[in-house]
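Participant: Following this message is one structure expressed as structure tokens.
The values are calculated or read from the model by the stated rules, or taken from the named source; none is laboratory data. Just so it is clear, the model here is predicted, and its values are computed rather than measured. Please note: Cβ atoms are built from the backbone with ideal geometry, for glycine as well, and neighbour counts cover all protein chains shown.
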Amino acid sequence: MKLSREEVLHIARLARVDLTEEEITRFSEQLSNLLENFEVLQRVDTTDVPPTAQSVALQSVMREDKVVPSLPAEDILANAPRREGDCFRVRAVLE
């Protein structure tokens, strides 16, 4: 399906894009090629293909949560550059 110059300009107006003459010619060819590819896809018989939202099965990439004992506070704070009691002391970032 070959797109006309007016159709390309209409699409550009909808997208709020200003095109030069060179871009109009280039996009006319590229968009026409894209539509021809969709026409080929529309001819594929999909009667026995069930509708789906995913082409592959989804699987969780997160590991299972496990309860484990925490490290002692003294070990955690051992390398802290500054500390205040059992907490890290950081420079204020907001006034």
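Participant: Condition check: more than 26 Å from the chain's Cα centre (by Cα), without any contact (Cβ under 8 Å) to a residue 12 or more places away in the chain, loosely packed, with under 10 Cβ neighbours inside 10 Å and within 30 Å of LYS2 (Cα to Cα). Does ARG43 satisfy that? First the steps, then the outcome.
Facilitator: Numbers: more than 26 Å from the chain's Cα centre (by Cα): yes; without any contact (Cβ under 8 Å) to a residue 12 or more places away in the chain: yes; loosely packed, with under 10 Cβ neighbours inside 10 Å: yes; within 30 Å of LYS2 (Cα to Cα): yes.
Spelling it out, ARG43 is indeed more than 26 Å from the chain's Cα centre (by Cα), without any contact (Cβ under 8 Å) to a residue 12 or more places away in the chain, loosely packed, with under 10 Cβ neighbours inside 10 Å and within 30 Å of LYS2 (Cα to Cα).
Participant: Going by what's in this entry, would MET1 be described as of a type in the set (A, V, I, L, M) and in contact with an Asp or Glu (Cβ under 7 Å, 6 or more places away or on another chain)? Write out each step before concluding.
Facilitator: Values: of a type in the set (A, V, I, L, M): yes; in contact with an Asp or Glu (Cβ under 7 Å, 6 or more places away or on another chain): yes.
For MET1, the condition - of a type in the set (A, V, I, L, M) and in contact with an Asp or Glu (Cβ under 7 Å, 6 or more places away or on another chain) - is met.
Participant: In this structure, is ASN33 over 30 Å from VAL8 (Cα atoms) and either surrounded by 10 or more Cβ atoms within 10 Å (Cβ to Cβ) or among the polar types (S, T, N, Q) (or both)? Steps first, answer last, please.
Facilitator: Values: over 30 Å from VAL8 (Cα atoms): no; either surrounded by 10 or more Cβ atoms within 10 Å (Cβ to Cβ) or among the polar types (S, T, N, Q) (or both): yes.
Answer is no for this residue.
Participant: Among the residues of the range 47-95, how many are under 29 Å from the mean Cα position of the chain (by Cα) and surrounded by 10 or more Cβ atoms within 10 Å (Cβ to Cβ)? Lay out the reasoning, then the answer.
Facilitator: At the first step, the residues of the range 47-95 found to be under 29 Å from the mean Cα position of the chain (by Cα) are 49-65.
Keeping just the survivors that are surrounded by 10 or more Cβ atoms within 10 Å (Cβ to Cβ) gives none.
Total meeting the criteria: 0.
Participant: OK, next. Could you tell me whether the range 7-22 includes any residue that is in a helix (DSSP H, G or I), among the acidic types (Asp, Glu) and surrounded by 10 or more Cβ atoms within 10 Å (Cβ to Cβ)?
Facilitator: Within the range 7-22, the subset in a helix (DSSP H, G or I) is 7-14, 21-22.
Adding the requirement that they be among the acidic types (Asp, Glu) leaves 7, 21-22.
Then keep just the ones that are surrounded by 10 or more Cβ atoms within 10 Å (Cβ to Cβ); that gives 7.
Yes, the range 7-22 contains at least one residue that is in a helix (DSSP H, G or I), among the acidic types (Asp, Glu) and surrounded by 10 or more Cβ atoms within 10 Å (Cβ to Cβ).
Participant: Quick test of your reading of the structure: LYS2 fulfils all but one of (1) surrounded by 10 or more Cβ atoms within 10 Å (Cβ to Cβ); (2) in a helix (DSSP H, G or I); (3) among the charged types (D, E, K, R). Name the failing condition by number.
Facilitator: All conditions pass for LYS2, except number (2).
Participant: Could you tell me whether LEU58 is modelled with pLDDT of 95 or more and out of contact with any His (no Cβ under 8 Å at 6 or more places or on another chain)? Please lay out each step first, then the result.
Facilitator: Details: modelled with pLDDT of 95 or more: no; out of contact with any His (no Cβ under 8 Å at 6 or more places or on another chain): yes.
Here the answer is no, as LEU58 does not meet what is asked.
Participant: Something else now. Scan the range 3-22 and report the pairs whose first residue is more than 18 Å from LEU35 (Cα to Cα) and whose second residue is modelled with pLDDT under 95 and of a type in the set (Phe, Trp, Tyr), with Cβ atoms within less than 9 Å and a gap of 6+ or a chain change.
Facilitator: If the second residue must be modelled with pLDDT under 95 and of a type in the set (Phe, Trp, Tyr), the pairs left are LEU19/PHE27.
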